[in-house]
Amino acid sequence: MRPLTLLATVASLVLLRAANAAEPTPTTIDAISAESVSTDSETTTTFRDQVVAAGNDLTLSCDYLKVIATRIGDKSATLGKYGKFRYLLATGHVRIVQGDRVATCGRAEVFPGEDRIVLTENPVVKIEAEHYEARGPRMVLYRGQRRAVIEGSPQDRTHISLPAIKDLGFPSETPAK
């Protein structure tokens, strides 16, 4: 009877942990100052100085962050309750870390509904585990695709560093005896 009780307890804990893992992580934003303005349909909040936003395995730090979200709940409330994020703009020393990927730039625009981030002002993306680094004047990163589009021009070219490529040449010829 005792092994059955132990098995049931373990199964309950596994199911509880799985249920908790499925819940999204709340987003937290810390800054020196913040200002929030609401309309009937959206809430816009601006954060300034030493901004750090964290949530869902992503951390963003910058000097300035503007967040626009849909407004839900009581329309007569002074400050609207946040619904879904619609747009985020980060500027000044932007650093985005997600897992083993790090992106730095001067300006980042996040479009959650389109699952993309647009990086400008000297963007650099690094993936240390893959020995990958990309630079260019404008980058578009796509969520869930591990895909980056780097847009350059003849005057401002893109640059990518990859791991060494195996020597594909022929072996050196040895003189005949």
Checklist entry - What is the local net charge at Glu151, summed over the other residues whose Cβ is closer than 15 Å to its Cβ (Lys, Arg +1; Asp, Glu -1)? => result +3
Item to check | Compactness of region 26-161, expressed as Rg and Dmax over alpha-carbon positions, Å | outcome: 16.1, 54
Item to check | Which of Val124, Val140, Ala108, positive extreme of dipole for region 26-161 (C-beta unit charges) | outcome: Val140
Checklist entry - Distance in nm between label sites at Tyr132 and Ile165, each 7 Å beyond Cα in the beta-carbon direction? => result 1.7
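None of the figures in this text is laboratory data; all of them are computed from the coordinates on show. Please read all numbers here as calculations on a predicted model, not as lab measurements. Quick reminder, even Gly has a Cβ in these numbers, built from the backbone with ideal geometry, and neighbours come from all protein chains shown.
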